Amino acid sequence: MTRHLDADVAIIGGGLVGSSAALAMRKAGLSVILLDKGFCGAQASGVNYGGVRRQGRGVEQLPLAELSHEIWERLPELIGIDGEYQRSGHLKLARSEEDFAKLEAYAARVRPHGLELELISGKAVKTRFPWLTGDVAGASLCHDDGHANPRLVSPAFARTAKVAGATVLEHMPVHEAVATGNGFALFAGEDTEIRCRQLVNTAGAWSDQFATQFGESVPLKKIYPSMVVTEPLPYLLPMSMGEEGGSFYGRQVTRGNYVMGGGRGVVLDNPDYSRPSVTAASSVMQRAIALFPHLQHAHVIRFWSGTEAEMPDGNPVISASSKVNGLFHAFGFCGAGFQTAPAVGSVLCDLITQGRSSIPVEAFSIDRFHDFQAP
């Protein structure tokens, strides 16, 4: 027998974006059904590096990142835990003079938009950060950026949305979503039909499938970041850091483990999934050792990969549908959506309840891909 459910809004995808949207919409008084094909927060939202940074984002993303920066500060009152969130600072390293020139140019470009970066050149880097023993040509420091534990933060948003009254359906894959004239019908799981007035597509690396169902094909590409965790070691790295160009990024948690990323996992027969690559993990460690020689004999105790979505212009899609009234999209965060996700949830709520957002999101319109034809 088919189970019938009804809500103001249905959200496909229980990652951090979908869960934060569900929470924001419940606080706005909307009835919400949040669906995920597995566990909420178990895909890209839960397996990412955990960087909570504004530094390095394009100018068009900074208003969104600034709003999220404010929300992260209120995490305990919002979801009941701090998620191991620390405003440790984010240090971006330049391994060459050419890369340092790029950091200088970026700092000048974002200064009018309120992002104050401290540039540190030459030998001053070693003086300032004696724990950084490898060769660097300079660095850029964003003092209030930081990091958090995605395995804690992402599921907590879904749990809080449920406590707030959202219907959360896990292990509930959506097979089909169709417009009905006065809303949408979703067919999910083995026996569930959902009717809603408005529909939000936050299905991560699988969002293109739903966009295509409504005639909005997008050039989404699946990527498979590779992560590495070491055994606990003496605490030396007080901030999150990365390299200009993104070839390596790392942080050390208070327990002493180094969490580091770079490279890609190995795609399995099903492109929805990947497994960690020994080659990629080894490459990450070699780059880490070049910066921190004390890691030369460190044991790697865990490594993994996950599936994320990437758009060709480096920007996500956050917009109302250009073709179907009541349909909204938010996906394709290019491996950098963890920090902005809480703000994206707020923006989606504003788009649905007010028809607009105070945060400029025009650059993220799905209509920018209107000429794309799926292969």
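The values are calculated or read from the model by the stated rules, or taken from the named source; none is laboratory data. It should be emphasised that the depicted structure is a prediction, and the values quoted were computed from it without experimental measurement. Backbone-built Cβ (ideal geometry, glycine too); neighbour counts: all protein chains shown. Ligands, DNA and RNA are stripped out before the accessible areas are found, and what is left, the full protein with its side chains, is counted by its heavy atoms. Shrake-Rupley method; radii C 1.70, N 1.55, O 1.52, S 1.80 Å.
Quick notes on this structure:
- Taking the stretch 253-265 as the range and being at negative phi and either surrounded by fewer than 17 Cβ atoms within 10 Å (Cβ to Cβ) or not in a loop (DSSP other than H, G, I, E, B) (or both) as the test, the residues that pass are Thr254, Arg255, Tyr258, Val259, Met260, Gly261, Arg264.
- Enumeration of residues in the stretch 125-151 that are more than 21 Å from Gly56 (Cα to Cα) and touching a Phe, Trp or Tyr at 6+ places or on another chain (Cβ under 9 Å): Trp131, Thr133, Gly134
- The stretch 282-315 - residue that is under 21 Å from the mean Cα position of the chain (by Cα) and free of Cβ contacts under 8 Å to residues at least 60 places away in the same chain and, of those, least open to solvent (accessible area, probe 1.4 Å): Val284
- Annotation: Gly83 fulfils all but one of (1) modelled with pLDDT of 95 or more; (2) surrounded by fewer than 19 Cβ atoms within 10 Å (Cβ to Cβ); the unmet one is (2).
- Residue check, Gly46 under 22 Å from Thr202 (Cβ atoms), in a loop (DSSP other than H, G, I, E, B) and at pLDDT below 95: no
- Within the stretch 322-358, considering residues that are open to solvent by 20 Å² or more (accessible area, probe 1.4 Å) and within 9 Å of the chain's Cα centre (by Cα), the one modelled with the highest pLDDT: Phe333
- Of the residues making up the stretch 13-39, those that are hydrophobic (A, V, I, L, M, F, W, C), open to solvent by less than 10 Å² (accessible area, probe 1.4 Å) and not in a helix (DSSP H, G or I) number 4.
- Within the stretch 176-207, tally of residues that are free of Cβ contacts under 8 Å to residues at least 24 places away in the same chain, of a type outside the set (Ser, Thr, Tyr) and closer than 20 Å to Phe328 by Cβ: 4
- Pairs, first within 16 Å of Cys349 (Cα to Cα) and open to solvent by 100 Å² or more (accessible area, probe 1.4 Å) in the stretch 359-375, second at pLDDT 95 or above and in a helix (DSSP H, G or I), C-beta under 6 Å, six or more apart: none
- Search result, residues across the stretch 228-252 that are in contact with an Asp or Glu (Cβ under 9 Å, 6 or more places away or on another chain) and on the phi > 0 side of the Ramachandran plot: Gly245
- Scanning the stretch 53-71 turns up no residue that is assigned to a loop (DSSP other than H, G, I, E, B), within 17 Å of the chain's Cα centre (by Cα) and under 18 Å from Gly204 (Cα atoms).
- Some residue of the stretch 164-187 being in the same structural domain as Asp36 (by the TED database), open to solvent by less than 10 Å² (accessible area, probe 1.4 Å) and aromatic (Phe, Trp, Tyr): yes
- Test: residue in the stretch 131-151 that is out of contact with any helix residue (DSSP H, G or I) (no Cβ under 7 Å at 6 or more places or on another chain) and β-branched (Val, Ile, Thr): no
- The set of residues in the stretch 266-281 being outside any loop (DSSP other than H, G, I, E, B) and surrounded by fewer than 20 Cβ atoms within 10 Å (Cβ to Cβ) consists of Val266, Val267, Arg275, Val278, Thr279.
Yes/no per residue for (1) of a type in the set (Ser, Thr, Tyr); (2) part of a helix (DSSP H, G or I); (3) under 30 Å from Ala343 (Cα atoms); (4) open to solvent by less than 10 Å² (accessible area, probe 1.4 Å):
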{"site": "Leu91", "(1), (2), (3), (4)": "no, no, yes, yes"}
{"site": "Glu98", "(1), (2), (3), (4)": "no, yes, no, no"}
{"site": "Ala101", "(1), (2), (3), (4)": "no, yes, no, no"}
{"site": "Glu104", "(1), (2), (3), (4)": "no, yes, yes, no"}
{"site": "Ala108", "(1), (2), (3), (4)": "no, yes, yes, no"}
{"site": "Leu115", "(1), (2), (3), (4)": "no, no, yes, yes"}
{"site": "Lys126", "(1), (2), (3), (4)": "no, yes, no, no"}
{"site": "Gly134", "(1), (2), (3), (4)": "no, no, no, yes"}
{"site": "Leu152", "(1), (2), (3), (4)": "no, yes, yes, no"}
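- Given (1) small (Gly, Ala, Ser); (2) surrounded by fewer than 14 Cβ atoms within 10 Å (Cβ to Cβ); (3) in contact with a Lys or Arg (Cβ under 6 Å, 6 or more places away or on another chain), number of the condition Ala65 does not satisfy: (2)
- For the stretch 154-162, the condition holds for no residue, the condition being that it is open to solvent by less than 30 Å² (accessible area, probe 1.4 Å), touching a residue at least 60 places away in the same chain (Cβ under 8 Å), outside any helix (DSSP H, G or I) and among the aromatic types (Phe, Trp, Tyr).
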